[in-house]
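Below: the structure, in structure tokens.
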Amino acid sequence: MIFRNGKWDLPKGKIELNEDIKKCAIREVEEECGVKNLVIIKKIKDTYHTYSIKDKKILKKTTWFLMQTNFSGKLSPQINEGITNVVWLNDNQVEQKLKNTYGNIKDVLNESII
């Protein structure tokens, strides 16, 4: 999980021009967390949320994937994106973080179980 803007979250981002959604997902996790050697296992679900930029409401669709990696290096938060912490968590630790997260993150995590 990542810690950004005072909340625990999962890495996500914006797709680049002509970029495949799966490549985007892997790139964003690599950039935001410093994780390498990611492999997508399956698509979890799509979610939608809104946010504002300069008083303009934006509807964002996010496609979530379950991934795995053999990476054992140090995690590194993407500070320039406002991410101040990146952590691996066990089930009990995830439950604690879900007390300070966004509504759809719990749903995504519940559906990510293989």
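The values are calculated or read from the model by the stated rules, or taken from the named source; none is laboratory data. Note that the coordinates shown come from a computational prediction; the quantities given were computed from them, not determined experimentally. Neighbour counts are summed over all protein chains in view; Cβ atoms, including those assigned to glycine, are modelled from backbone coordinates with ideal geometry.
What to note about this one:
- Matching residues, region 70-86, being assigned to a loop (DSSP other than H, G, I, E, B) and either basic (Lys, Arg) or surrounded by 14 or more Cβ atoms within 10 Å (Cβ to Cβ) (or both): PHE71, LYS74, LEU75, PRO77, GLN78
- Long-range neighbours under 6 Å by Cβ, at least six apart or interchain, first residue among the aliphatic types (A, V, I, L, M) within region 83-101, second part of a helix (DSSP H, G or I): ILE83/GLU32; VAL86/CYS33; LEU98/LYS106
- Screening region 15-41 for residues that are on the phi > 0 side of the Ramachandran plot and without any contact (Cβ under 8 Å) to a residue 40 or more places away in the chain and picking the one that is farthest from the chain's Cα centre (by Cα) gives ASN18.
- Here ILE15 qualifies as closer than 24 Å to ASN5 by Cα and in contact with a Cys (Cβ under 8 Å, 6 or more places away or on another chain).
- Scan of region 10-40 for residues that are of a type in the set (Val, Ile, Thr) and at pLDDT below 95, ordered by number: ILE15
- Among the residues of region 53-86, just one is hydroxyl-bearing (Ser, Thr, Tyr) and farther than 22 Å from LYS23 by Cα, namely THR84.
- Inclusion of LYS60 among residues that are basic (Lys, Arg) and in a helix (DSSP H, G or I) is not warranted.
- In this entry, GLY34 is excluded by the filter for residues that are under 16 Å from ILE2 (Cα atoms) and surrounded by fewer than 15 Cβ atoms within 10 Å (Cβ to Cβ).
- Residue within region 1-9 that is touching a Lys or Arg at 6+ places or on another chain (Cβ under 8 Å), modelled with pLDDT of 95 or more and within 16 Å of GLU81 (Cα to Cα) present: yes
- Residue tally, condition touching a strand residue (DSSP E or B) at 6+ places or on another chain (Cβ under 8 Å) and either on the phi > 0 side of the Ramachandran plot or exposed (fewer than 13 other Cβ atoms within 10 Å of the Cβ) (or both), over region 50-69: 9
Residue by residue, here is whether (1) part of a loop (DSSP other than H, G, I, E, B); (2) among the polar types (S, T, N, Q); (3) farther than 16 Å from GLY103 by Cα; (4) touching a strand residue (DSSP E or B) at 6+ places or on another chain (Cβ under 9 Å) holds:
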{"residue": "ALA25", "(1), (2), (3), (4)": "no, no, yes, yes"}
{"residue": "GLU30", "(1), (2), (3), (4)": "no, no, yes, no"}
{"residue": "VAL35", "(1), (2), (3), (4)": "yes, no, yes, yes"}
{"residue": "THR47", "(1), (2), (3), (4)": "no, yes, no, yes"}
